[in-house]
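The block underneath contains the structure these notes are about, expressed in structure tokens.
The values are calculated or read from the model by the stated rules, or taken from the named source; none is laboratory data. Everything numeric in this text was worked out from a predicted model, so none of it was measured. Neighbour counts are summed over all protein chains in view; Cβ atoms, including those assigned to glycine, are modelled from backbone coordinates with ideal geometry. Quick note on the areas: whole protein, heavy atoms, side chains included, nothing else; ligands and nucleic acids left out. Shrake-Rupley method; radii C 1.70, N 1.55, O 1.52, S 1.80 Å.
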Amino acid sequence: MKDSKLFSSLVKGREAADEHMNFRASMGEMWHEETVTDILCQHAAPYVRPIRFNQNQEGKVGADWLWWWLDPSGDCFGMLVQAKSLKRSGKSWRVDFDYRGGRQIDSLVQVAGIFEVPAVYTLYCGDLSYREDLSCGSSLHDSSCSRCFRAGVSIIDAFGALRLQRAFPDSVGSYAFQFSSPLEDIANSTGSNDWPSGPMGSTLRQFVTEPKTRAREIAMKIFQVATKTMMVAYAGSSIHQVDAAASYFLQGWRSQLPAYVREVMSGGSMPPEMRNSIAGIVVLHL
């Protein structure tokens with residue numbers, strides 16, 4: 001399959017985000033997640049289109065953005081996204097998944113439930129110089145690791161992040177970095193996309209046997225990101241338990257954009273109950 005313009009745009013967006021994060025770090029300061037999000041979207045335009053509703057007010061609507069990956073056919077995949085930064089803490093690394101005593105992640109999952117999409121985090125990890133002593137955990141990792149080079153903006157699912165927070169509270173940043181995937185890899189249509197081939201429950205079996213589209217591939221890639229932590233959490237579990245987890249992530253797939261997204265894209269407004277739940281919508285054109 002030919003490489004997509006969205007992939008190239010996300011690479012440009014990540015490079016610009018890396019440059020900004022490098023500058024802030026060189027000044028001895030931490031970057032602001034909202035600023036990095038703006039830079040990422042600006043440099044990935046027009047294939048990434050953000051539609052902001054209100055200024056982010058952490059205690060009110062948080063920093064949650066509803067992302068819709070849109071296939072030219074109308075097929076799409078949605079997910080609720082919150083940005084988090086990878087921060088150095090002495091000799092270790094942290095990501096504040098437990099912000100406000102865990103109430104923030106509870107809110108993220110709750111709002112994702114309203115929209116019937118999975119909850120994920122974008123991790124702003126800085127450039128290679130910022131994390132030169134941090135390994136991605138791969139046996140192939142070295143000073144020129146291509147995966148680490150691409151990882152300035154990465155993705156991890158919210159439940160996986162929560163599992164890591166509970167299991168490794170003092171080193172959650174290192175593990176979150178290892179278990180996440182570079183954002184641009186999700187959009188890379190020429191990369192590896194091995195769909196499950198072993199025993200599957202009904203949800204996975206139906207999903208992988210239906211015609212593949214770019215949006216369905218995105219859904220499967222997000223599920224595959226989640227399986228990195230699920231392999232530990234669901235070790236020894238039945239096919240039905242794993243399939244129930246798959247149902248959660250694949251629920252973001254739609255055969256067409258929801259009416260409220262089409263309304264917003266044409267200049268209309270969101271229903272108030274939805275508008276007050278998120279900062280905005282990001283449409284990624286596959």
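If you go through the stretch 97-125 and keep only what is within 16 Å of the chain's Cα centre (by Cα), under 23 Å from PHE168 (Cβ atoms) and either open to solvent by 10 Å² or more (accessible area, probe 1.4 Å) or modelled with pLDDT of 90 or more (or both), you end up with PHE97, LEU108, VAL109, PRO118, ALA119, VAL120, TYR121, THR122, LEU123, TYR124, CYS125.
With respect to ALA226, determine if the residue is assigned to a helix (DSSP H, G or I), in contact with a Leu (Cβ under 6 Å, 6 or more places away or on another chain) and among the hydrophobic types (A, V, I, L, M, F, W, C). Criteria not met by ALA226. The numbered conditions (1) under 28 Å from ARG254 (Cα atoms); (2) open to solvent by 10 Å² or more (accessible area, probe 1.4 Å); (3) assigned to a loop (DSSP other than H, G, I, E, B) are all true for ARG49 except (3). When the helices (runs of 4 or more DSSP H) confined to the stretch 97-198 are screened for residues that are aliphatic (A, V, I, L, M) and farther than 28 Å from ASP71 by Cβ, those reaching at least 1 such residues are found at 103-115, 158-167, 172-179.
Results for (1) in a strand (DSSP E or B); (2) open to solvent by less than 50 Å² (accessible area, probe 1.4 Å); (3) modelled with pLDDT of 95 or more, shown as yes or no for each residue.
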residue: GLN55; (1), (2), (3): no, no, no
residue: GLY59; (1), (2), (3): no, no, no
residue: GLY62; (1), (2), (3): no, yes, no
residue: TRP69; (1), (2), (3): yes, yes, yes
residue: SER73; (1), (2), (3): no, no, no
residue: GLY78; (1), (2), (3): yes, yes, yes
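Considering SER85, SER92, the condition of being polar (S, T, N, Q) and in contact with a Ser or Thr (Cβ under 9 Å, 6 or more places away or on another chain) is satisfied by SER92 alone. Scoring GLY201 on the criteria (1) open to solvent by 10 Å² or more (accessible area, probe 1.4 Å); (2) modelled with pLDDT under 90; (3) closer than 21 Å to HIS240 by Cα leaves a single failure, condition (1).
Of all residues in the stretch 160-181, those being within 19 Å of ARG131 (Cα to Cα) and open to solvent by less than 60 Å² (accessible area, probe 1.4 Å) number 9.
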